[in-house]
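See structure below.
The values are calculated or read from the model by the stated rules, or taken from the named source; none is laboratory data. Note that the coordinates shown come from a computational prediction; the quantities given were computed from them, not determined experimentally. All Cβ positions, glycine included, derive from the backbone under ideal geometry; neighbour counts span all protein chains shown.
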Amino acid sequence: MSRHKNIKIDTLSFHNMIDEDSDLIPLLSPEDEEEMNKELVPETLPILPLRNTVLFPGVVIPITATRDKAIELIKAVNKGDKILGIVAQKDAANKNPTFEDVYHTGVVAQILRVLKMPDGNTTVIIQGKKRIKLNAVVQNEPYIMAATSEMIDDMFVQDSEEFKEIIETVKDTALNVIQENPNIPSEGTFAIKNIQSNSFLINFISSNIDLSVEEKQELLEINSLKDRAIATLKKLNTELQRLELRNDIQNKTRIDLDQQQREYYLHQQLKTIQDELGGNSHEVEIQELLKKAKKKKWSKDVKETFEKEVTRMKRLNPQMPEYSIQRNYLELMLELPWNTYTKDKFDLKQAEEVLDRDHFGLEKVKDRIIEHLAVLKLKGDMKSPIICLYGPPGVGKTSLGKSVAEALGRKYIRMALGGLRDESEIRGHRKTYIGAMPGRLIQNIKKAGTSNPVFVLDEIDKMAAGMQGDPASAMLEVLDPEQNSAFYDNFLEVGYDLSKVMFIATANSIGDIPWALRDRMEMINVSGYTIEEKLEIAKRHLLPKQLKEHGLKASHLKIGKSQLEFVVTGYTRESGVRNLEKVIAKLVRYAAKSIAMEEEYEVSLNNEIIETILGPARMERDKYENNDVAGVVTGLAWTSVGGDILFIESILSKGKGLSITGNLGNVMKESATIALEYIKANADAFGIKQKTLDENKVHIHVPEGATPKDGPSAGITMLTSLVSSFTQRKVKSKIAMTGEITLRGKVLPVGGIKEKILAAKRANIKEIILCEANKKDIEEINESYVKGLKFHYVSEMKEVLEIALTKQKVQNAKRL
């Protein structure tokens with residue numbers, strides 16, 4: 001049925017809610033209602049009597065015209081403005097009603113469509129517009145013509161809270177009627193919920209409720225919309241009570257088969273069907289399992305366990321739930337790759353090429369993989385190591401697993417552990433439970449089809465203990481080379497050899513990994529990249545990858561080295577390259593959009609075009625604060641996303657005591673206290689007068705107060721800041737420091753050295769002060785990372801001050 005201006009969905013009654021030839025429902029919108037109310041009612045109208053229904057304003061209904069007068073009237077109206085009056089007959093049996101035989105309250109309606117039916121009858125789709133009053137008859141032949149006037153609804157109460165509650169109650173009751181009546185399609189609920197007009201809602205429900213013509217006529221003749229809503233609500237409640245009573249009677253008298261009896265009949269039918277198809281499926285299934293078992297290469301213990309479980313399955317009734325669990329268990333044993341291994345590649349040169357191709361830098365990790373391959377090549381067999389790559393996000397820890405798998409020629413598996421709280425995810429469920437499954441470890445081994453894959457345990461530091469146990473404790477057996485040769489899964493109930501699996505765990509912070517689990521792994525730090533490394537990664541990997549993913553060729557977009565450096569330094573501030581890839585993707589989308597829209601664009605990007613695409617540079621290199629002011633010192637810090645620099649400021653004011661601000665933790669506050677007490681104890685050595693110490697209050701502040709900070713590595717930085725404030729000697733330019741201090745004047749080593757060095761290079765620092773014990777950490781760093789940096793190794797706090805502070809006091813300094 002075609003769409004008309006005022007038809008939203010072609011549903012005509014609760015009992016015939018959806019027309020098979022339509023996907024629409026007649027919902028009158030407020031805009032349509034307002035437009036309809038503006039239409040004028042003609043003074044005289046041809047009147048079409050209806051025998052079995054009452055039409056309400058806004059409602060769409062079909063009528064079948066069989067009487068000659070009705071057919072002639074429809075033909076005449078359809079040729080003109082298609083407007084006519086619709087009224088209900090007082091006596092449905094009257095075949096030739098006159099003006100006196102019809103109700104004098106009706107609606108003015110519009111013909112929407114006239115359909116010629118195959119049986120010769122005429123079906124007319126009409127929509128009610130406004131209520132009218134028949135004042136006097138104009139003619140009775142060939143059809144009724146009458147003088148009419150519009151009946152205005154009393155709608156002044158529409159905005160009152162009482163009326164709104166009445167409307168909501170009507171809507172809810174109508175929805176309950178639809179739910180209780182099985183003959184009404186559920187689409188009726190959609191119709192009721194989506195009616196926006198209050199008056200149309202009342203008319204729609206009044207038209208479709210199961211009432212006699214006389215009762216519907218009474219509703220139509222009510223002038224007050226509030227009174228009509230209350231009357232409709234009463235009718236709905238009566239209908240609802242009738243339906244609930246009928247349904248209650250049906251429920252009480254319904255005879256249900258007993259559940260076991262029903263299952264018995266179904267199983268008997270299934271057995272008969274299986275017999276007709278050729279034998280008992282239960283026996284055939286067991287024979288197939290035994291046939292597959294002959295091809296398996298498993299140990300004597302596993303074979304005996306399988307045969308024992310098959311014997312148990314034979315005794316089980318196929319109709320019992322335990323049967324399906326037993327079948328799943330035996331299928332798992334058959335599908336697991338017992339003693340099935342892929343052959344390792346021992347071409348070390350090719351392995352190096354694969355690792356270098358996919359990842360720039362990461363020399364320690366690559367060397368460790370090559371060492372493992374070398375031992376395998378010489379010895380032929382060894383227990384696979386448990387490697388844990390830890391470092392900030394986006395440095396390539398997870399993706400490294402794929403490259404390792406390709407270099408070794410093994411299958412690759414990745415299992416995300418982030419948020420894991422259930423021990424059964426690792427060890428599986430016991431078979432005594434319905435729906436029991438093996439752990440994710442065994443499931444992934446089965447999926448891989450080999451017992452020596454490269455297995456990446458992603459985000460191992462994100463596991464947490466929950467009500468279902470501690471998954472980190474369950475991982476202890478998995479990641480212990482001395483124990484995982486017979487890993488016990490609760491579902492499998494027989495040891496499975498994981499010693500040939502090469503596990504590679506990844507983590508952002510090793511501090512979140514339990515010490516017992518950390519002890520079983522070989523920890524390899526994957527720190528952040530230098531700017532030079534990021535440029536190479538962007539050039540070799542990120543840009544070609546994004547061009548390929550966006551359907552472009554290398555000739556469609558070119559970014560020079562200086563432009564890449566501008567992007568790296570101006571739009572990213574991270575240890576990894578994840579955000580850098582997103583920025584490059586945006587540049588590639590600029591080219592893709594221009595090509596798709598056939599617009600001219602610059603293939604070779606310069607800094608101005610990059611700023612046009614990405615906006616002004618949002619990130620500037622971390623820079624040391626102005627050292628012209630005494631008390632400002634640059635420190636080095638480690639964060640979960642890499643290294644960073646921080647600035648420590650101190651100032652003196654009249655008073656006594658020490659105050660500290662900047663959202664500092666307890667350890668950092670203790671470092672400040674230690675530094676101040678050490679200065680007081682050695683004031684003469686630093687040239688500080690006792691009077692200065694007694695009469696001045698010290699305030700230490702670490703900027704970016706919203707960021708929590710803690711740790712002992714700012715000890716020497718705080719000491720230098722305080723001595724600088726007391727002596728008014730400024731700190732040397734472009735120098736940074738990190739180290740812990742003691743009351744004895746010693747400088748102790750700290751961690752995160754590589755990340756801190758990278759942060760220093762980003763900040764254009766030239767000199768760094770470190771503890772003597774941290775010298776070994778510098779020697780492990782690639783020479784290219786520390787190029788251009790001068791390191792001062794100290795063991796005493798006095799050495800720090802001699803290196804960091806200038807001999808000259810700040811000019812115009814306040815005399816202390």
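Figures for the structure shown
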| quantity | calculated |
| --- | --- |
| Answer from Leu334, Leu316 - the residue that is closer than 23 Å to His429 by Cβ and modelled with pLDDT of 85 or more | Leu334 |
| Lone unmet requirement of (1) within 44 Å of the chain's Cα centre (by Cα); (2) closer than 30 Å to Asn782 by Cβ; (3) at pLDDT 85 or above; (4) hydroxyl-bearing (Ser, Thr, Tyr) for Thr707 | (3) |
| Criterion: among the β-branched types (Val, Ile, Thr) and within 27 Å of Ile71 (Cβ to Cβ) - qualifying residue of Ile144, Ile192 | Ile144 |
| Exclusive hit being hydrophobic (A, V, I, L, M, F, W, C) and free of Cβ contacts under 8 Å to residues at least 24 places away in the same chain, set Leu240, Leu211, Leu245, Leu236 | Leu245 |
| Some residue of the stretch 734-742 being surrounded by fewer than 19 Cβ atoms within 10 Å (Cβ to Cβ) and farther than 16 Å from Glu796 by Cα | yes |
| Failed item in (1) closer than 12 Å to Leu45 by Cα; (2) surrounded by fewer than 17 Cβ atoms within 10 Å (Cβ to Cβ); (3) in contact (Cβ under 8 Å) with a residue 24 or more places away in the chain; (4) not acidic (Asp, Glu), with Ile86 passing the rest | (2) |
| Count of the stretch 174-208 residues which are surrounded by fewer than 18 Cβ atoms within 10 Å (Cβ to Cβ), touching a residue at least 60 places away in the same chain (Cβ under 8 Å) and of a type outside the set (A, V, I, L, M, F, W, C) | 7 |
| Complete set of residues in the stretch 529-556 that are surrounded by fewer than 16 Cβ atoms within 10 Å (Cβ to Cβ) and in contact with a Gly (Cβ under 7 Å, 6 or more places away or on another chain) | none |
| Failed criterion for Leu789 (all others in (1) in contact (Cβ under 8 Å) with a residue 40 or more places away in the chain; (2) out of contact with any Ser or Thr (no Cβ under 6 Å at 6 or more places or on another chain); (3) not basic (Lys, Arg) hold) | (1) |
| Conditions (1) closer than 21 Å to Lys689 by Cβ; (2) at pLDDT below 90: number failed by Ser721 | (2) |
| Members of the stretch 42-65 that are assigned to a loop (DSSP other than H, G, I, E, B), over 52 Å from the mean Cα position of the chain (by Cα) and crowded, with 18+ Cβ neighbours inside 10 Å | Val54 |
| Contacts under 6 angstrom Cβ, first residue in the stretch 358-376 being without any contact (Cβ under 8 Å) to a residue 60 or more places away in the chain and more than 29 Å from Leu543 (Cβ to Cβ), partner of a type outside the set (D, E, K, R) and surrounded by 18 or more Cβ atoms within 10 Å (Cβ to Cβ), 6 or more apart | Leu373/Ala351 |
| Odd one out for Ala136 among (1) assigned by TED's automatic domain parsing to the domain that holds Ile71; (2) in contact (Cβ under 8 Å) with a residue 40 or more places away in the chain; (3) surrounded by fewer than 16 Cβ atoms within 10 Å (Cβ to Cβ) | (2) |
| Candidate set: the stretch 340-357, residues that are touching a residue at least 60 places away in the same chain (Cβ under 8 Å) and surrounded by 16 or more Cβ atoms within 10 Å (Cβ to Cβ); chosen: the one farthest from Val454 (Cα to Cα) | Lys345 |
| Test: residue in the stretch 74-82 that is more than 17 Å from Leu112 (Cα to Cα), small (Gly, Ala, Ser), assigned by TED's automatic domain parsing to the domain that holds Pro142 and modelled with pLDDT of 85 or more | no |
| Filter result (in contact with an Asp or Glu (Cβ under 8 Å, 6 or more places away or on another chain), at pLDDT below 85 and buried (at least 20 other Cβ atoms within 10 Å of the Cβ)) within the stretch 408-426 | Leu408, Glu423 |
| Selection status of Ile152, touching a residue at least 60 places away in the same chain (Cβ under 8 Å), exposed (fewer than 14 other Cβ atoms within 10 Å of the Cβ) and within 25 Å of Leu236 (Cα to Cα) | yes |
| Condition met for Asp512 (without any contact (Cβ under 8 Å) to a residue 40 or more places away in the chain and in the same structural domain as Pro453 (by TED's automatic domain parsing)) | no |
| Among (1) at pLDDT 85 or above; (2) aromatic (Phe, Trp, Tyr); (3) closer than 30 Å to Phe491 by Cβ - the single one Tyr323 does not satisfy | (1) |
| Test for Arg113: is it touching a helix residue (DSSP H, G or I) at 6+ places or on another chain (Cβ under 9 Å) and outside any loop (DSSP other than H, G, I, E, B) | no |
| Any hit, the stretch 190-199, residues being over 42 Å from the mean Cα position of the chain (by Cα), in a helix (DSSP H, G or I) and within 29 Å of Leu84 (Cα to Cα) | yes |
| Matching option when the condition is surrounded by fewer than 20 Cβ atoms within 10 Å (Cβ to Cβ) and either within 46 Å of the chain's Cα centre (by Cα) or among the charged types (D, E, K, R) (or both), among Lys129, Lys164 | Lys164 |
| Some residue of the stretch 176-193 being at pLDDT 85 or above and not aliphatic (A, V, I, L, M) | yes |
| Hits in the stretch 113-124 - residues which are surrounded by fewer than 20 Cβ atoms within 10 Å (Cβ to Cβ) and at negative phi | Arg113, Val114, Leu115, Lys116, Met117, Pro118, Asp119, Asn121, Thr122, Thr123 |
| The stretch 205-253: number of residues that are out of contact with any strand residue (DSSP E or B) (no Cβ under 7 Å at 6 or more places or on another chain), within 24 Å of Lys193 (Cα to Cα) and not in a helix (DSSP H, G or I) | 3 |
| Conditions (1) hydroxyl-bearing (Ser, Thr, Tyr); (2) in the same structural domain as Asp248 (by TED's automatic domain parsing); (3) more than 30 Å from Asn247 (Cα to Cα); number of the one not met by Thr105 | (2) |
| Lone unmet requirement of (1) more than 23 Å from Gly396 (Cβ to Cβ); (2) crowded, with 17+ Cβ neighbours inside 10 Å for Ile559 | (1) |
